[in-house]
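The values are calculated or read from the model by the stated rules, or taken from the named source; none is laboratory data. Source: prediction; values computed, not measured. Methodologically, a virtual Cβ is constructed for each residue, glycine included, from the backbone with ideal geometry; neighbour enumeration extends over all protein chains shown. Ligands, DNA and RNA are stripped out before the accessible areas are found, and what is left, the full protein with its side chains, is counted by its heavy atoms. Shrake-Rupley method; radii C 1.70, N 1.55, O 1.52, S 1.80 Å.
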Amino acid sequence: MIDQKKLEQILLETKAIAKKELALYLNEAQKRNQTFEEYLTTQKIIGAEQLYTSAAQYFGVPFINLKNETIRKDILFLIPEPIAATHKIVAFDKNDHELKVATLDPENLQIFEFLTKKTGLEVLVHMTTPQALADTLKSYHKGLKAEFQDITKKDETASVGNGDTKLKELAHDLPVIRIVDTLLEYAIFENASDIHIEPTEKEVLVRYRIDGLLRNVMTLPKSVHAGIVARVKILSNLKLDEHRLPQDSRFKISSNEYNVSFRVSIIPTYDGEKVVLRALNEQTSVLSLEDLGFHPRALEAVQLNIKKPHGLALVTGPTGSGKTTTLYAILNILNKPEVNITTIEDPIEYRMPGLNQSQVNPKIGYTFANGLRSFLRQDPNIIMVGEIRDQETAEIAIHAALTGHYVLSTLHTNDAPTTLPRLSEMGVPAFLIASTANIIIAQRLVRKICQECIESYTLTPAELAKLEKQINLTSVLAVLEKEGLITKKQDQQSLLYYRGKGCKKCGNSGYKGRLGIYEVLEVTHGIAQHILTGATSEQILTTAKAEGMLTILEDGFIKAKKGITTIEEVLRVTKD
């Protein structure tokens, strides 16, 4: 249905209803607890066709009455049913150059762009009525129902006789191929980092992780589940008849516009096998340190420490916090013809010319520790280890840093100060950590405010009181004052912040894209002394802050005050 304010504008501008009548009808709709559109159409003040013809006139697009259209099945299926239902859009005609679509939302530019890329045709947008669109969507079920029944029959026979052969046939079934292709294409278009295909008792739920958060995208009949799983297994060269053990692999899909590698993980669950695919866009260019969002002081510290001839630089944070991206931004600076750089990763997420990139393979005993040990025989200047997971890898990395190599790696800790005691817990002697560690970067990813719908607001006393319970607000305000973002005289109750109102371009989320918030700890003489004496992470933090380090929370609040992200986002990624 059309948004009420937009509908008021449409009716007035197209002169479908006079201004006096409009106020009267709005009041009546409120009394009856109906939406304005429902009231107008149910009371027959204006017919649905007339209303949507006026809307089409307002938006400058043609109106189409789909009831009078006979739509060919091949044209209808150009837009997959889950996408048609989600975005309220159907294809009804086409020629060699154009695809005609009918929708209720002619401002949904993202879906039109997706269809242009998918079909290679120019998309001509028409408006139709909700009822006509709903009736046309039923046509999908008439066509797909037969196909799904066919899949179900094959699913039943798949467990009889030669299961492997039957599943192969199922995986090559046209509807199954279309469903899987759609899931992958739409994930690439939406810039999703992960696809979750989750079986439940009666259906299959598909979710995408976009900007770090999972979103429900579509629901499919349970009858297609076996076919989808079999198709993914065929693409990734996994065992078709193994349903009891987890399996991992990868595959790649390429076109003129994208080159994406998918990491596949399949695990058995109570309702069937769950599939998770992680998308790695191989055409993604490596960002510079400036682009990643480092504070100027932190950026200067990173640039200074990576120029040292040897030592250890660690990037820490949870899974999916952008650690590898930061490491590659550093490698991009260090990557010069006169140095030999070798990496060992799991998996290789970025391809960079000039680097010797190697991928671990635990099945054949090629682990981080074994790979790292072998690298040292190849005379490297710089080594990047994907992750320090155990004592053996930690010890080899530290000894490599001690013997004239520059070692870059990642570690799973919550903040920078706890990284140093964590290495000690892994069995690395304190004197080795103190003499090799150069810099520790802790990070999180926050969603950026959509710049198309950004708005400012003032924190209320109640919101400030709630914040004070969650964080040390006095300390944060002192940092904001030091940064020149607020004045000392400024009343706490007049703190101005920003958020996204929600619009078409950001899917009404108020956010578009992501950026890092950081905590950069330089291992100075004072910090090194703390490591040698076995100081706690709290003592290290106190000294680091006294030396000018910004915590992740403080860096987040600086970015929130500048209108880059929101307070809610900063708290979401930094607080439990």
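Only aspartates and glutamates eight or more places from residue 67 in sequence, or on another chain, were considered; those with a Cα closer than 17 Å are 49, 93, 135. When a/c reaches 1.5 or more, the comparison of a/b and b/c decides; with that in mind, is the stretch 168-276 rounded, prolate or oblate per its Cα gyration tensor? Because its axes are fairly even, with a/c under 1.5, the stretch 168-276 counts as rounded. With every protein chain in place and a 1.4 angstrom probe, the accessible-area ranking of 511, 366, largest first, reads 366, 511. Residue pairs exceeding 32 angstrom between C-alpha atoms, taken from 5/88; 19/100; 274/575: 19/100. Computed over protein heavy atoms with a 1.4 angstrom probe, the accessible surface ordering of 295, 87, largest first, is 87, 295. Computed extension length for residue 300-residue 545: 86.6 nm, one decimal, from 0.36 nm per residue of separation with the Cα-Cα distance subtracted.
What nm value, rounded to one decimal, do you get for the distance between residue 267 and residue 43 when each label is placed 7 Å out toward the C-beta? It works out to 5.5 nm between the two label points.
Split the accessible area of the stretch 435-576 by element, probe 1.4 Å, and carbon with sulfur accounts for 49%. Averaging Cα coordinates gives a centre for the stretch 357-425 and one for the stretch 268-341; these two points are 15 Å apart. Its residues counted as N, the chain yields a C-alpha radius of gyration over 2.2 N^0.38 Å of 1.16. Sorting 444, 207 on solvent-accessible area from highest to lowest, probe radius 1.4 Å, gives 207, 444. Estimated from helices alone, the mean residue ellipticity of the chain at 222 nm is -12500 deg cm²/dmol (sum of -39500 (n - 2.57) over DSSP H runs with n ≥ 4, per residue). Residue 403 label point, 7 Å along Cα→Cβ, cut-off 16 Å on backbone N: hits in the stretch 354-372? Output list for this probe position: 369-372.
In this structure, the residue pairs whose Cα-Cα separation is over 23 Å, taken from 482/561; 44/501; 448/469; 117/512; 94/138, are 44/501; 448/469.
Find out how many positive minus negative residues lie around residue 518, taking Lys and Arg as positive, Asp and Glu as negative, among other residues whose Cβ is under 9 Å from that of residue 518. Cβ neighbours under 9 Å give a net charge of -1.
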